[in-house]
1. Apply 1/(1 + (r/R0)^6) to the Cβ-Cβ distance of residue 107 and residue 170, taking R0 = 25 Å, and write down the FRET efficiency to the nearest 0.05.
2. What's the extension gain from residue 156 to residue 84 if we count 0.36 nm per residue and subtract their Cα-Cα distance?
3. Of the peptides 113-126, 176-189, 142-155, how do they stack up when ordered by the mean number of other Cβ atoms within 10 Å, highest first?
4. Does segment 152-205 classify as rounded, prolate or oblate by the C-alpha gyration tensor (a ≥ b ≥ c root eigenvalues; a/c under 1.5 gives rounded; else a/b over b/c gives prolate, otherwise oblate)?
5. Can you put 67, 198 in order of Cβ neighbours within 10 angstrom, beginning with the fewest?
6. Please say if segment 99-250 is rounded, prolate or oblate, where rounded means a/c under 1.5 for a ≥ b ≥ c the square roots of the C-alpha gyration tensor eigenvalues, and otherwise the choice is prolate for a/b larger than b/c and oblate otherwise?
7. Stretched out fully, how many nm does the piece from residue 120 to residue 203 gain, at 0.36 nm a residue minus the Cα gap?
C-alpha cells in the first residue's frame, strides 16, 4: 500500500493509497510485493490476514466513505494510514517518505499532518472542552496566547462555543463527537480520518456531523470516513470504498 501526499506548499493536500508495488530484487527482475496486515499476536504463514491485495487511490482533496461489515478490517486499514499499525509486508509511503520501516522516533512529524476522529472519542475527562481541543497545539509547543482565539473560534464553528468550559462527562454524545472533530482538525491536518463518527448519535446529529466533515473537505482536507450508516453514505453522494474479507472494491 502506498500513501502519497503532495507537499502543501506546492500542491493541494491529498492522499494516494496503492496496495501493491513493483520492486526489483537483487538480480534485477521485478516482483510484486503485496501489502498484508496479519492479525495481532500472530506471525508466519498461518496467521490470519486482516488486509490483503489492496489497490486504491484517494485523489488530493477527495472525500470518500469506507464501508463493509463488522470485522472486515476497516479500522485496521485506517490504522495503517494514520500509522498506528504497520503492514506485515509491503510499502507505505506517506508525504513522500517510505514509513513502513521508518524508525518510530521519526513518525510524530508525519502524524501531526493527519487528523483522526476516533470511534470512542478518546477525550480527556479531566480537561475542559477548550483544553481538549487545544492539547495538540500545546504538545506542538504553541503558547496559549497564540492559539486561544483560534480554539475558541473552532469550538464556535462546531456549535460548542457556549460549552468550551464544560468537562467531557457533562457533554452529550453529539457534543462529544463534535468536540472530537474539533480536536482532530485544530492543527489543520492535510488528511482527516474518521472512524464511525456518527455511530453514537441520532440521524439529525449524524447529518450535522456530515456537513461539518464536508465543509472541512471544502477547505482542502482529504477526508476518509469509515461508516456503517448506509443512509448517510447514500445522502452524501460521495465515492465509496467497500472492504470485505480483507479485500477492497470501489
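1. On the way: r = 34 Å, r/R0 = 1.37.
Calculated value: 0.15.
2. Details: separation 72, 0.36 × 72 = 25.92 nm, distance 3.04 nm.
Gain on extension, residue 156 to residue 84, equals 22.9 nm.
3. Values: 113-126: 17.0, 176-189: 22.8, 142-155: 14.4.
The packing order, highest mean first, is 176-189, 113-126, 142-155.
4. Judged from the Cα gyration tensor, segment 152-205 comes out oblate (a/c at least 1.5, b/c at or above a/b).
5. Numbers: 67 19, 198 22.
Starting with the residue having the fewest Cβ neighbours, the order is 67, 198.
6. Numbers: a/c = 1.85, a/b = 1.19, b/c = 1.55.
It is oblate, given that a/c is not under 1.5 and a/b is not larger than b/c.
7. Working: separation 83, 0.36 × 83 = 29.88 nm, distance 1.81 nm.
Stretched out fully, the residue 120 to residue 203 stretch lengthens by 28.1 nm.
All of the numbers you see were taken from the coordinates with simple rules; none came from a lab. Given the structure is predicted, the values throughout are model-derived calculations rather than measurements. Reconstructed Cβ throughout: ideal geometry from the backbone, glycine too, with neighbour counts over all protein chains shown.
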